[in-house]
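Peer 1: Below: one structure in structure tokens.
The values are calculated or read from the model by the stated rules, or taken from the named source; none is laboratory data. This one's a predicted model, so the numbers in the text were calculated from it and none came from an experiment. Neighbour counts are summed over all protein chains in view; Cβ atoms, including those assigned to glycine, are modelled from backbone coordinates with ideal geometry. Accessible surface areas use protein heavy atoms only, side chains included; no ligands, DNA or RNA. Shrake-Rupley method; radii C 1.70, N 1.55, O 1.52, S 1.80 Å.
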Amino acid sequence: NPRSLHYVKRGQMNDYEKAITSIGSIVSKYDPDKKFPLWGFGGEMGGKKQHCFQLDARDPQANGIKDAITKYRKFLKLKHLGMSNRSSIKEVISNASKYADWEVKDKELYGQQCYTVLLILTDGYLDYMDTTKDEIIKASKMPLSIVIVGIGSGDFTSMQDLDDFA
């Protein structure tokens, strides 16, 4: 759909891809292996709303920013995929928190440290704000930063609410 923020026009990046590229190129400098798990949210697969899903079930991590864009574009071509008007980021935050905890435990085995950054790109329409805030409180105990970036010109009231949340 050419009106979708996910629409890919040949030879051009959509706004999501621009954000992945610009922010990812900064954050990736701090990641030695340049591998990033890729999750989506707010999609409908087979008519069922999904609040958290892997973009590539066979290989859940992207090898660098270019691979992240490739996996994103490949995922968008799936026939059974639909976009939901409203979505929840609670499950994505929960998964990122578990991932950060697992990474810390794994790195400690080798005397190393690690830190996780969750980049959430959204058009602003978020549901379940109370449970999302609860999940953020739980995640605050992990070595995890959550960066939320608004894409497009939607209603970002819910993200402002998260920003003001203390």
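Peer 1: Pairs, please: C-beta under 6 Å, at least 6 apart or cross-chain, first residue at negative phi and in the stretch 132-159, second part of a helix (DSSP H, G or I) and β-branched (Val, Ile, Thr)?
Peer 2: So the pair list comes out as Glu135/Ile93; Ala139/Ile93; Pro143/Val104.
Peer 1: Further question: Tally up the residues in the stretch 115-130 that are surrounded by fewer than 19 Cβ atoms within 10 Å (Cβ to Cβ) and either basic (Lys, Arg) or modelled with pLDDT under 90 (or both), please.
Peer 2: Total meeting the criteria: 5.
Peer 1: Continuing with this model, one more query. Considering only residues that are surrounded by 16 or more Cβ atoms within 10 Å (Cβ to Cβ) and at pLDDT below 85, look in the stretch 6-44 and name the one that is farthest from Val92 (Cα to Cα).
Peer 2: Of everything passing the filter in the stretch 6-44, Gly43 is farthest from Val92 (Cα to Cα).
Peer 1: Still on this structure, please answer the following. I need the full set of residues from the stretch 66-97 which are within 28 Å of Gly11 (Cβ to Cβ), open to solvent by less than 70 Å² (accessible area, probe 1.4 Å) and either of a type in the set (Lys, Arg) or modelled with pLDDT of 90 or more (or both), in order please.
Peer 2: Asp67, Ala68, Ile69, Lys71, Tyr72, listed by residue number.
Peer 1: If we scan the stretch 45-65, do we find a residue that is at pLDDT 90 or above, assigned to a helix (DSSP H, G or I) and crowded, with 16+ Cβ neighbours inside 10 Å?
Peer 2: Yes, the conditions are met somewhere in the stretch 45-65.
Peer 1: List, please: which pairs have Cβ atoms under 8 Å, are six or more places apart or on different chains, and start with a residue in the stretch 71-90 that is under 25 Å from Tyr128 (Cβ atoms) and outside any helix (DSSP H, G or I) and end with one that is open to solvent by 80 Å² or more (accessible area, probe 1.4 Å) and modelled with pLDDT of 85 or more?
Peer 2: Ser88/Tyr128
Peer 1: Does Gln160 satisfy the condition of being within 20 Å of Gln61 (Cβ to Cβ) and open to solvent by 60 Å² or more (accessible area, probe 1.4 Å)?
Peer 2: On the way: within 20 Å of Gln61 (Cβ to Cβ): no; open to solvent by 60 Å² or more (accessible area, probe 1.4 Å): yes.
Criteria not met by Gln160.
Peer 1: Let me ask another. Here are Lys133, Lys141: which of them is open to solvent by 50 Å² or more (accessible area, probe 1.4 Å), among the basic types (Lys, Arg) and more than 25 Å from Met45 (Cβ to Cβ)?
Peer 2: Details: Lys133 fails: open to solvent by 50 Å² or more (accessible area, probe 1.4 Å).
From the options Lys133, Lys141, the qualifying one is Lys141.
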